[in-house]
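All remarks here apply to the structure that follows.
The values are calculated or read from the model by the stated rules, or taken from the named source; none is laboratory data. As the structure is a computational prediction, the values presented were derived from the model and not from experiment. Counting neighbours? That spans all protein chains shown, and the Cβs are built from the backbone with ideal geometry, glycine included. SASA here: full protein model, heavy atoms, side chains in, ligands and nucleic acids out. Shrake-Rupley method; radii C 1.70, N 1.55, O 1.52, S 1.80 Å.
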Amino acid sequence: MSGNGKRPKGIAIRSREELAGIAKAGRLAGRLRRRLGNLAKPGISTLDLNRFAEKYMREHGALPAQKGYHGYPYAICTAVNDCVCHGMPDGRRLKEGDLVTLDFVVELDGWMADTAWTYSVGSVSEAADRLRRAAYRATMNGIAAAAPGKRIGDIAAAVRDAAGAYGVVSQFGGHGIGRAMHEPPEVPHVGEAGTGTLLREGMVITIEPMLTEKESDVYIAEDGWSVMTMDGGWAAQFEHTVAIAPEGPLILTL
């Protein structure tokens with residue numbers, strides 16, 4: 001985007017009523033996220049987690065927006081250990097020491113909210129715990145930079161500052177969200193401060209950096225969805241849907 005201050009075509013500025021609709025979906029997503037965290041224990045399969053999530057959404061009047069998106073057949077994504085994102089639920093059972101990232105989009109009354117969380121399965125290694133905590137810090141640091149008048153590159157710079165020695169995946173990032181799962185603008189988590197789209201009050205975006213313990217290079221597995229680290233290092237990710245409010249960032253998926 002050029003520096004002329006004009007809003008790029010296609011980026012929605014939400015009214016108070018529209019923000020309330022996204023926030024309602026976000027609150028449901030947050031409650032489901034906590035329930036899934038309680039279930040992510042050794043012995044449960046990722047398919048079991050998917051079934052629970054879809055049932056929970058439907059019982060609360062919501063739809064699993066990811067299901068059917070470009071043919072994706074599940075309600076959630078389940079990324080275990082060296083899977084960065086978009087992992088497909090299967091019969092694998094979680095083991096003590098795993099890291100599992102659960103990522104999903106709730107659609108409620110036509111509004112969508114997106115969230116992801118990396119859970120420790122039982123007791124994990126010190127290295128896995130450090131990675132997980134660094135990914136959380138990176139997300140929250142990026143969110144703190146999402147204020148009116150800032151630019152999307154400022155979010156990326158804040159993520160980089162918090163990531164330390166960990167890799168930050170550049171091929172996948174955040175996005176606008178509202179009536180559709182992916183709306184403008186794109187929100188890359190690798191970039192320079194002071195660059196990119198200007199953040200304006202009323203915009204709603206996702207902030208979802210993916211950190212890797214080694215190199216940040218990734219590839220897509222044979223299933224056509226699962227994104228894996230190239231070197232086998234583990235990954236972690238946290239994601240919130242965030243509104244740009246007058247006072248600063250407002251997390252809608254708490």
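Structural remarks
- Theoretical gain in end-to-end length, residue 69 to residue 192 [0.36 nm per residue, Cα-Cα removed]: 41.1 nm
- Listed residue pairs exceeding 30 Å between alpha carbons, taken from 24/55; 67/95; 67/150: 67/150
- What the phi angles of region 148-162 give under the Karplus curve with 6.51, -1.76 and 1.60, with θ = phi - 60°, is a coupling list of x, x, 7, 10, 4, x, 5, 5, 4, 5, 5, 4, 4, 4, 7 Hz, glycine and proline written as x.
- Over the residues of the chain, the helix contribution to mean residue ellipticity at 222 nm works out to -9000 deg cm²/dmol, using -39500 (n - 2.57) for each DSSP H run of at least 4.
- The 3J(HN,Hα) values that the Karplus relation (6.51, -1.76, 1.60; θ = phi - 60°) gives for region 190-205 are, in residue order, 10, x, 10, 4, x, 10, x, 4, 6, 7, 10, 4, x, 6, 10, 9 Hz. Gly and Pro appear as x.
- Maximal additional length on extending the residue 15-residue 161 stretch stands at 49.3 nm, based on 0.36 nm per residue less the C-alpha distance.
- Model label zone, residue 109; criterion: amide N under 18 Å from point 7 Å along Cα-to-beta-carbon; scope region 237-254: 243, 252-254
- Paramagnetic reach from residue 35 in region 73-89 [backbone N under 11 Å; point 7 Å along Cα→Cβ]: none
- FRET E, pair residue 201, residue 58, Förster distance 30 Å, beta-carbon r, rounded to 0.05: 0.30
- Amide H within-cut-off set for residue 241, under 5 Å, with H built and near neighbours excluded: 114, 252, 253
- Across region 75-88, computed HN-Hα scalar couplings (Karplus, 6.51 cos²θ - 1.76 cosθ + 1.60, θ = phi - 60°) run 7, 9, 9, 10, 9, 10, 6, 8, 8, 7, 6, 6, x, 8 Hz from first to last residue, x flagging Gly and Pro.
- For the chain, the Cβ-based charge dipole about the Cα centre amounts to some 780 debye (Lys, Arg positive; Asp, Glu negative; other atoms uncharged).
- Rounded to whole Å, sorted largest first: equivalent-ellipsoid semi-axes of region 62-168, Cα gyration tensor: 25, 23, 10
- Placing a label point 7 Å from the Cα of residue 179 along the Cα-to-Cβ direction, the residues of region 10-31 with a backbone N closer than 16 Å are 10-22.
- Using the alpha-carbon positions of the chain, Rg (one decimal) and Dmax (whole number) come out as 17.2, 55 Å.
- Considering only 201, 183, 126, the mean-square fluctuation computed in a Gaussian network model of the chain, springs between alpha carbons under 10 angstrom, is largest for 126.
- Of 67, 95, the order by accessible heavy-atom surface (1.4 Å probe, DNA, RNA and ligands excluded), from most exposed downward, is 95, 67.
- Distant-in-sequence amide H partners of residue 195 (H built 1.01 Å from N, under 5 Å): 153, 154
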